Amino acid sequence: MEWPWQYNFPPFFTIQPNSDTRKKQLEAWCSLILNYHKQKKSYSIDVTEILNSQLCHNKEIDRKLSLDGLYTVLDELCRTGHLEWKDPKTKKQCLIISKSMTNTVCTFYELTNGEESEGTEFHGLEKWLLLRAIKTLEAQRKAEIMMFDDSEGVKFF
């Protein structure tokens, strides 16, 4: 993992009070978390584990993101559509969504065989399993199955 320059800058690990600075800081943290999990091909976060990981604790400069700071970053990821809590009440585990699919229409083929799906859990997924997952999202009013040009697709809300 190649760390961004901010990772070695001690104030990066303390959520900044100035709104402009905080906005840039949260963007950097969100990018770092998304890139970190993409490289590890990991799509879920356990709050306790990540807090004690190298991601949130730079031992070289003896700085660690606080639990409140981590929740601030995770809430920003949730706000931007890149994170979903497994249980929003406890906020102990969440899913990482590296590419937000909100208001996006994709064919089933794009999701399972397209270039952008390479390296994701969807790539190579059998159609019946993809359809089952999408129907679950449809029941939650988060997606709608569509037909166009003799292809099946999905619109994500």
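Numbers at a glance
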quantity: Residue tally, condition surrounded by 13 or more Cβ atoms within 10 Å (Cβ to Cβ) and assigned to a helix (DSSP H, G or I), over the range 1-23; calculated: 5
quantity: Test: residue in the range 136-149 that is of a type in the set (Asp, Glu), at pLDDT below 90 and out of contact with any Leu (no Cβ under 8 Å at 6 or more places or on another chain); calculated: yes
quantity: Condition met for residue 95 (closer than 21 Å to residue 34 by Cα, surrounded by fewer than 17 Cβ atoms within 10 Å (Cβ to Cβ) and touching a Lys or Arg at 6+ places or on another chain (Cβ under 8 Å)); calculated: yes
quantity: Among (1) over 19 Å from residue 85 (Cα atoms); (2) within 17 Å of the chain's Cα centre (by Cα); (3) outside any loop (DSSP other than H, G, I, E, B); (4) at pLDDT 95 or above, the one test that residue 49 misses; calculated: (1)
quantity: First in the range 134-157 and open to solvent by less than 70 Å² (accessible area, probe 1.4 Å), second anywhere and of a type in the set (Gly, Ala, Ser), Cβ under 8 Å, 6 or more apart; calculated: 134/143; 137/143; 145/153; 146/153; 154/143; 155/143; 156/143
quantity: Selection status of residue 55, in a helix (DSSP H, G or I) and among the aliphatic types (A, V, I, L, M); calculated: no
quantity: Subset of the range 125-153 (residues that are β-branched (Val, Ile, Thr) and within 22 Å of the chain's Cα centre (by Cα)); calculated: 134, 136
quantity: Candidate set: the range 107-124, residues that are within 20 Å of the chain's Cα centre (by Cα) and part of a loop (DSSP other than H, G, I, E, B); chosen: the one surrounded by the most Cβ atoms within 10 Å (Cβ to Cβ); calculated: 122
quantity: Single residue of 36, 43 found to be surrounded by fewer than 17 Cβ atoms within 10 Å (Cβ to Cβ), on the phi < 0 side of the Ramachandran plot, in contact with a Ser or Thr (Cβ under 9 Å, 6 or more places away or on another chain) and at pLDDT below 95; calculated: 43
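The values are calculated or read from the model by the stated rules, or taken from the named source; none is laboratory data. Small disclaimer: the values here were computed from a predicted structure and weren't measured. Glycine also receives a Cβ, built like all others from the backbone with ideal geometry; neighbour counts cover every protein chain displayed. These accessible areas exclude ligands, DNA and RNA; they are computed on the full protein's heavy atoms, side chains included. Shrake-Rupley method; radii C 1.70, N 1.55, O 1.52, S 1.80 Å.
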